[in-house]
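No lab work stands behind these numbers, since they all come straight from the coordinates. All of these numbers come straight from a predicted model, not from anything done at the bench. Cβ placement follows ideal geometry from the backbone for every residue including glycine, while neighbour counts extend to all protein chains displayed.
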Amino acid sequence: MTNPSSASSARADSRAGSRSTSQRGTHSGVRLDPRAKLYLLLLANLLLFFHVDTRGEAIMVALFLLPLFVAGRWRNGLRLAVLYFALLGLGLWSDAATMSGSGGSGGSLIGMIGGGVTDTAAGSSGTTVAAEDVAATAASATDAFVTAGHVAGLLSVGIRMMMPCLITGAYAFTTTSISEFVCAMRRMRVPEAIVIPCMVVIRFFPTIVHDYRQIRNAMALRGIAAGRFALVRHPVQSLEFIIVPLLMNATFVSRDLSVAALTKGLGIAGEHTCMTVIRMCWFDWAYMAVCTAPLALAIGGVL
Amino acid sequence: MTQQPTAAPSPAPAAPQPTSAAKPGRLAIPDLISIGIFTALYFVCVCVATLVSTLIAGAGTIFLPAVAALICGPVFMLSVARVGKFGGITVMGVVIGLFLFVSGHFALSFVASIVFPLAGDLIARIGNYKNRVTILIGYVVFCYGLTGPILPLWFMKDAYVASLEARGKSADYINTLFSQISVGSFFVAMAAILVCGLIGGWFGQRILKKHFVKAGIA
C-alpha cells in the first residue's frame, strides 16, 4: 500500500526544507493533510446531524467532491457525483410533483414505483386525499401503497443524507498511505494502544484476502463447497471451514509480527518518530475554512 | 516506527526493557498486535454482515449488528482466549469504531463502539476472562457496539418527517405512518442482536473447544 517512490520523495522534500504539500505525492496530484481530511469527515458528520436544507447540502457535497478530482481519483469521484445528483434530481422531482398535485405525494411516489401507470396513480392519489381527509383512520388497501411510497421516499432521502459522509470517507481512505495515517495519529497524541492495532489492521487486510483465496482453493481441491452457491447452502459449515483456517493463520501471523515489531524497536519506551513528514500548509487551512463557511451559514439559517 | 537513538538518549537507560516483560495485567506490544489482527478479521466479518444484511432486504441494514453477532463469535472468543487482559475488547471496539468513522459512518457510531465494548470488557473481567458465561455475556454486550452505523436510520426518519411537515401534512398522519415502523423496528433489531449474540457466542465457544483448545492455541 505504501509506495516507496512517494515516501522517498516526501523525505527528500523534508530535507529540502520548506516545500509546500502540493509537492508531495507527485504522481497523484495535490492531496490534503490527513488531519484536514479528518476535519472534512467531521464536517460531513455535522452536516448529517444538523439537517441542512438541500441547497446548502449540494454546495457542501460539491466542495467535498472537489478534492477527489484534484487528487486524480476521477472514476471514483464521477461515480459518487452521478449517484448524488441522481438522488437529488429524484428528490426535487418528487417535491415538484407533490407541490403541483393536491398533497398526494403518496400518489406520485406510487407512480414512480409503478413505472408511470397513470390510471393507477391517479386512482390511488384520489383515495390518498380521501384517506387524509378522514385523518388516516380508515385502514384501506391504498394505505399500504402509501406507506410503501413513503418508505421509498425515505430511503432516497436517507441515502442522499449519507452521501457527504461516504464521499469524504472514500476520499480519506483512497488517498492516505499507512505511514501518513500513523504519523497523523501520533501527532494528534492518540495512545500507542490504538495506533499499533490500527497499523496492524491496515497491514493485515491484503493477507486476509490472500488467505481466503488459498482456503477456497484448498476446499475446491477436496470437493467441499465447489459450486457457485454451495457456500450459501451450508452456511454454518462454510463459516467454520473458512474462519478456522483464517484464525489459525492469524495466530501465527500475530506471533511473527510481534517478533518483527519488537526487533524493530516498537516496544521501546519513549517517543517514536516517523519517516513520512506531514505538514499543515496554507492550502489545508484555506480549504478547511472554505468548507466550514457554507456549513456555518446553512446552520445559522443565512444561506 | 523506527526509533532514532539520537532523538531521545536519556530515557533509553532508564527503561531499556520492552514492555512485554513489564506488568502481567497490562497490554503489551504482542497483545496489541494480536488485537490488531483479530480486529482486522472482525472488520472483514462486519463487511460480510453488511453485504448479507443488505441482500436480505433493502432496509435490512437495521439487522447489520445481529448478522455480525451471528458470525463474529469465533473471532471474539479466540481473541479473548489469546489476549485475556483488561482492555483488549475495548481496544478492539475502539479501532472498529475508528475505521467505521473514517469509512464515512456517523460519528455517533464511535460513541457506541467505545461504551458497549468497555462494558463487555468489564463483564468478561468478572470471570477473569476464563469463565464461559461471563465471556458470553460480554460478547452479547460487545455486539451492541455495532449499533452505531444503524443509528442514522432514526435520524433520517426525523429529517423525512420534517420534510413532510414542511409540505403541510398533518401530524396525525405522520404519526400513524411512522409509529409502527420506528419503535417496532427498533425493538426487533435490538432483540435480534441479543438472540444472535447468544447463538454466535455459543457457536464461537464450540469452535474454540473443537479446534483451538485441542491444538494448544487457545
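3J(HN,Hα) couplings calculated from phi for the range A:177-187 with the Karplus curve 6.51 cos²θ - 1.76 cosθ + 1.60 (θ = phi - 60°) are, in sequence order, 7, 4, 5, 4, 4, 5, 4, 5, 5, 5, 5 Hz; Gly and Pro show x. Legend: mean number of C-beta atoms from other chains within 10 angstrom of residue C-beta atoms, peptide B:200-206, equals 1.
Pairs from the list A:Lys37/B:Lys85; A:Lys264/B:Lys214; B:Lys130/B:Lys209; B:Lys85/B:Lys209; B:Lys85/B:Lys130 with a Cα-Cα gap above 22 Å: A:Lys37/B:Lys85; A:Lys264/B:Lys214. The charge dipole of the range A:191-275, taken about its Cα centre with unit charges on the Cβ of Lys, Arg, Asp and Glu (plus for the first two, minus for the last two), comes to roughly 480 debye.
Converting phi to 3J(HN,Hα) with the Karplus coefficients 6.51, -1.76 and 1.60 and the offset θ = phi - 60°, the range A:211-225 yields 4, 4, 4, 5, 5, 5, 4, 5, 5, 5, 5, 8, x, 9, 6 Hz in sequence order, with x at every glycine or proline. Using the Karplus relation 6.51 cos²θ - 1.76 cosθ + 1.60 with θ = phi - 60°, the per-residue 3J(HN,Hα) values for the range B:208-216 come to 4, 5, 6, 10, 8, 5, 5, 7, x Hz, with x marking Gly and Pro. By other beta-carbon atoms within 10 Å, ranking B:Ile33, A:Ile242, A:Ile178 with the fewest at the front produces A:Ile178, A:Ile242, B:Ile33.
Nearest 0.05, what FRET efficiency do A:Val277 and A:Gln214 give at R0 = 41 Å with Cβ-Cβ as r? Write down the numbers at each step before the final one.
Numbers: r = 38 Å, r/R0 = 0.92.
For R0 = 41 Å, the calculated efficiency reads 0.60.
What shape does the range A:211-295 have by the C-alpha gyration tensor, where a ≥ b ≥ c are the square roots of the eigenvalues, rounded means a/c under 1.5, and otherwise prolate means a/b greater than b/c and oblate the rest? Oblate, because a/c is 1.5 or more while a/b does not exceed b/c. Ranking A:Val244, A:Met199, A:Cys274 by Cα position along the charge dipole of the range A:191-275, where only Lys, Arg, Asp and Glu carry charges on their C-beta atoms, puts A:Val244 farthest toward the positive end.
Set the Förster radius R0 to 45 Å, insert the Cβ-Cβ distance between B:Phe186 and A:Val259 as r into 1/(1 + (r/R0)^6), and round the FRET efficiency to 0.05.
Details: r = 47 Å, r/R0 = 1.05.
Between B:Phe186 and A:Val259 the formula returns 0.45.
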